[in-house]
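**Student:** Here it is, the structure in full.
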Amino acid sequence: MPAAHRVVDAVWRIEAARLIAGLARVVGEVGLAEDLAQDALVAALEQWPGSGIPDNPGAWLMTVAKRRAVDGLRREIRLERKVAELGRTIRTTAEIDVEEHVEDDVLRLMFTTCHPVLTPPARAALTLKMLAGLRTEEIARAFLVPTTTMAQRIVRAKKTLTDARVPFEVPTGAELAPRLASVLGVVYLLFNEGYSATAGPDLVRPALCAEAMRLGRVLAALVPTEPEAHGLIALMELQASRLPTRTDASGEIVTLLEQDRARWDRLLIQRGLAALDRSVELGGAAGKYTVQAAIAACHARARTADSTDWGRIATLYGVLAQVAPSPVIELNRAVAVSMADGPAAALELVDALVAGNSLARYHLLPAVRADLLVKLERPDEARVEFERAAGLTDNERERDLLLSRAAGCAP
């Protein structure tokens, strides 16, 4: 990818949520807003390599997208009145700072893309595309489905929102609770994409983590007595405290056990622990985000890797498996069991997941199995598993680490 295109791609990932949300407020339709934002992206790819990056890339993209909106609507004779109204709106808001409505707009966009008229997978996929600026193939990778399947899912989701005339707003009253769980889930998906990027040259995308945490705080302010909103904030802030140490100066991965814990962000840890306490006080101790936050707190409280309470972590993963059962949670539980009870006990759990075939395309399954085989002094088998894991990830840093581990298993 040319250098200029890499810059455009980076700008898009940062500005996508603000751009689409702002456009949705203007045109009143999320699907159309996303199409207009994509048109602006194409214009940037065409023009910025020659003209250079503008001082305010977000404002540039918004201006181009609004112009495309007017041009498109003008071609529809039956929408002449709306064209005039939109034209007046754009003229009167042309001088407004693009950041003025960002917070409210992004929150509205989240609740719109998480509307119950969509299936849960469609909600998550559409929100990742519109708020995180992920490409369709990256989202497909995150959901372990083919790219064509994900593309169809996203197209259908946008059409469903349009056909159902879903309003661009934050719900109130009885409509809020059913949609909150979906929004919380999507916020955590955004955070996870920032914490461990699905694809690309970088392991982490701190800006995306920061945006997810900001959105989480906005949600918690909206529903201050909802324990899982505070549980999610706790989880994200405790995990984000490790971001500065997840890679070294050259961008190579540093594993959790090897990280310099003195460099973990103590302010984020304090805030995360306070949010965890708040969730528990509100009766959310068994909530899935609160339980995960409690696991993260075990790491945050351990000043050294050796002092980590792996027994408690394994127990908490057992609770989590009851609250929100999934193969990925079982895999994480196996890692904790390996640290608490030894690799042989953990390998039994991992082999059961392999037999179940539900994580056949998930690179961390063979990666964990390989690590266990190394500890059990079975290097030939471990090498094969590391190589298999490397072939399943699109993240360059993860692939390099896995191939390095595979090479280390050579005779």
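**Student:** If the requirement is being over 24 Å from the mean Cα position of the chain (by Cα), part of a helix (DSSP H, G or I) and within 25 Å of ASP351 (Cβ to Cβ), which of these qualifies: ALA314, ALA336?
**Tutor:** Going through ALA314, ALA336 in turn, just one is over 24 Å from the mean Cα position of the chain (by Cα), part of a helix (DSSP H, G or I) and within 25 Å of ASP351 (Cβ to Cβ): ALA314.
**Student:** Could you tell me which of the residues ARG214, ARG205 is over 28 Å from VAL166 (Cβ atoms), among the charged types (D, E, K, R) and either crowded, with 19+ Cβ neighbours inside 10 Å or under 16 Å from the mean Cα position of the chain (by Cα) (or both)?
**Tutor:** Selected residue: ARG205, the only one of ARG214, ARG205 that is over 28 Å from VAL166 (Cβ atoms), among the charged types (D, E, K, R) and either crowded, with 19+ Cβ neighbours inside 10 Å or under 16 Å from the mean Cα position of the chain (by Cα) (or both).
**Student:** For residues that are at pLDDT below 85 and of a type in the set (Val, Ile, Thr), scanning just the stretch 11-25, find the one that is nearest to PRO167 (Cα to Cα).
**Tutor:** Step by step, filter the stretch 11-25, then rank; the result is ILE14.
**Student:** Also: Determine whether GLY284 is outside any helix (DSSP H, G or I) and buried (at least 18 other Cβ atoms within 10 Å of the Cβ).
**Tutor:** Yes; evaluated as a whole, the condition is true for this residue.
**Student:** If VAL384 passes every condition in (1) under 21 Å from GLU258 (Cα atoms); (2) modelled with pLDDT of 95 or more but one, which one does it miss?
**Tutor:** Only one criterion is unmet by VAL384, namely (1).
**Student:** While we're here: Go through the stretch 143-153 and give me each residue that's surrounded by fewer than 21 Cβ atoms within 10 Å (Cβ to Cβ) and assigned to a helix (DSSP H, G or I).
**Tutor:** Correct list: PHE143, THR147, THR148, THR149, ALA151, GLN152.
**Student:** Output the residues belonging to the stretch 322-349 that are of a type in the set (D, E, K, R) and surrounded by 14 or more Cβ atoms within 10 Å (Cβ to Cβ).
**Tutor:** If the condition is that a residue be of a type in the set (D, E, K, R) and surrounded by 14 or more Cβ atoms within 10 Å (Cβ to Cβ), then GLU330, ARG333 are the ones that fit.
**Student:** Inspect all residues belonging to the stretch 252-263 and state whether any of them is over 25 Å from LEU203 (Cβ atoms) and not β-branched (Val, Ile, Thr).
**Tutor:** no
**Student:** I've got another one for you. State whether one or more residues within the stretch 181-202 are loosely packed, with under 14 Cβ neighbours inside 10 Å, of a type in the set (Asp, Glu) and modelled with pLDDT of 80 or more.
**Tutor:** No, there is no match, as no residue in the stretch 181-202 is loosely packed, with under 14 Cβ neighbours inside 10 Å, of a type in the set (Asp, Glu) and modelled with pLDDT of 80 or more.
**Student:** Does ARG361 satisfy being basic (Lys, Arg), in contact (Cβ under 8 Å) with a residue 24 or more places away in the chain and surrounded by fewer than 17 Cβ atoms within 10 Å (Cβ to Cβ)?
**Tutor:** yes
The values are calculated or read from the model by the stated rules, or taken from the named source; none is laboratory data. Keep in mind that this is a model prediction, so the values were computed, not measured. Glycine also receives a Cβ, built like all others from the backbone with ideal geometry; neighbour counts cover every protein chain displayed.
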